[in-house]
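Taking it in order: structure first as structure tokens, then the write-up.
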Amino acid sequence: MDREQDPAQPLRRMPRLAHLVNVFVPQKGSEFEYVQPITLASMQHAQARAAEAGIHVQLLTAQFPEDHAAVPPAWQATEDLDRSVRDVYGDASHPPEPLLAAQLGGIEAEAEPD
């Protein structure tokens, strides 16, 4: 008996997930030049494994306009970030790390509805 015939039956729907990563063009020779591609590839592998189990995982990136070259083809770029920690603290020596609220706004705007 399914849910339409018996509303007391629990919903049997597979979850849909969105995963957001801040990508950037790393400096030549930095550790990020090595680890960012590994991180992204491992997430794509996990997405494929989840799909085998019927779980949809959407891969999203948060990036500044100058970092579009770092967005892999299998990933969907969210709206470009326009503020960073530098803007809040005024420290130009600090890397332009995105604000968490901006990243969450990007995932909210781009994630496929469940």
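Bear in mind these aren't lab numbers, they're just calculated from the coordinates by the rules spelled out. Keep in mind the model is a prediction, meaning the values are calculated, not measured. For neighbour counting, all protein chains shown are included, and Cβ atoms are generated from backbone atoms with ideal geometry for every residue, glycine included.
Observations on the structure shown:
- Sorting the segments 17-25, 84-92, 52-60 by their mean number of nearby beta carbons within 10 angstrom, highest to lowest, gives 17-25, 52-60, 84-92.
- Q58 long-range amide H proximity, modeled H, under 5 Å: L17, A18, H19
- ³J(HN,Hα) computed for each position of the range 22-27 - Karplus, 6.51 cos²θ - 1.76 cosθ + 1.60, integer Hz, glycine/proline x: 7, 9, 7, 7, x, 5
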